[in-house]
1. Suppose R0 equals 30 Å; then what is the FRET efficiency for residue 66 and residue 282 from their Cβ-Cβ distance, rounded to the nearest 0.05?
2. Counting other beta carbons within 10 Å of each residue's own, what order do 155, 298 fall into, fewest first?
3. Taking the Cβ of each residue in 249, 165 as the centre, tally the other Cβ atoms inside 10 Å and list the residues starting with the fewest.
4. Given R₀ = 35 Å, what would the calculated FRET efficiency be for residue 290 paired with residue 246, taking r from the Cβ atoms and rounding to 0.05?
5. Residues of the stretch 142-176 with backbone nitrogen within less than 15 Å of a virtual label 7 Å along the Cα-to-Cβ line of residue 123, please, listed as ranges.
6. Once the dipole of the stretch 163-302 is set up with Lys and Arg at +1 and Asp and Glu at -1 on Cβ about the Cα centre, which of 270, 285, 260 lies farthest towards its positive end?
7. When a footprinting reagent is the concern and you count Cβ atoms within 10 Å, what order do 196, 235 take, fewest first?
8. Can you give me the long-range amide H partners of residue 143? Hydrogens built in the peptide plane at 1.01 Å from N, cutoff under 5 Å, separation of 5 or more residues or another chain.
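Please treat every number below as a calculation from the coordinates, not as lab data. Predicted model, so just to flag it, every value in this text is computed and none were measured. Ideal geometry is used to build each Cβ from the backbone, glycine not excepted, and the neighbour counts take in all protein chains shown.
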Amino acid sequence: GFDLLDIPPIIGRDARTVTRYGRCRSHRGGHHRRRRRFTVGCPLQPLGCPYGVDTNAGSQVAPFLTLADGIETTQATRYLTLTNLAIGALDTSVSRSVPGTVILRGFSTALTRSDVGPGTLKEIGRSCVVLDHAGSALIGGNVLHECNGASPGLYGAGVLAATSVGARILDNVIFGNVTGDALAFSPNAQISRARHNLIVGNLGGIYFGGGLRVASRDNLVEQNVILADQRFDVHSAYLANAPVGTGNVVRRNCIWSPNAMTASGTGFRLVPGRKVRPRVVKRQGTYRLAASSPCRAYRPMP
């Protein structure tokens, strides 16, 4: 077993949920860091919440813990996994203008097996997940959809890797972000890996960008299914007289967007993959590939 030491709280924006993390100490002696999963949902008390459920130990966890107004971590966060959450956004919240419903900072933070959607948000640009000064983040096995709410013309991505290094974006279903891209690497995403994501019905599929002094580089997007984009499947944009991305590669993907331009811009290399209708099925508010899909080898893994 393990005891928890040095545990600051991570507080959901609706002020009703606390997620805790910390350094682990073995009863056999010695200190070391090890990623653990802890999920806590309770009203805030003067003494705080109990330490939660250790899912690595096989304890029972509710299918979804609901966070009505998103969550964000600090740069001091280490080895935290958020899992089995249903996360939305409140239009009446004092934090409604934040860039993402989930904002991950720190080292080795993760969002897994969760649903991130619009909630009641209106008329404000909002991405589902933003990686902001995040190292080795994991976005895995989630459904990320329609996160900017009723906000025509205001940008919102599925995952915006803004300032990050070593991110892994795996096995997600990302759909309905009609004023943004499914995956956006901008302005300073480095060494990201995006694989086995099902990307359906966004304004754009994959985007690479930069800033005044930086540009996203060395990101790999492969073995994804990308379909029904409205404008671009893969595209980029950079400021005048500013750095342009290098080492960004998009390869071995299944792409089918008859109404969109396959590629536009510079700073990335697109290796042609399969251009075939993927055959998707919408069920229970999300998408999956049909059993007969020619792209099933690239499907999100459970």
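1. On the way: r = 23 Å, r/R0 = 0.76.
For R0 = 30 Å, the calculated efficiency reads 0.85.
2. Numbers: 155 17, 298 24.
Exposure proxy ranking, most exposed first: 155, 298.
3. Values: 249 14, 165 18.
So the residues, fewest neighbours to most, are 249, 165.
4. Working: r = 38 Å, r/R0 = 1.08.
Here the calculated transfer efficiency is 0.40.
5. What the label zone holds, given the 15 Å backbone N cut-off, is 149-154.
6. Of 270, 285, 260, it is 285.
7. On the way: 196 19, 235 23.
Placing the least packed residue first, the sequence is 196, 235.
8. Answer set, sorted by chain and number: 114, 115, 116, 173.
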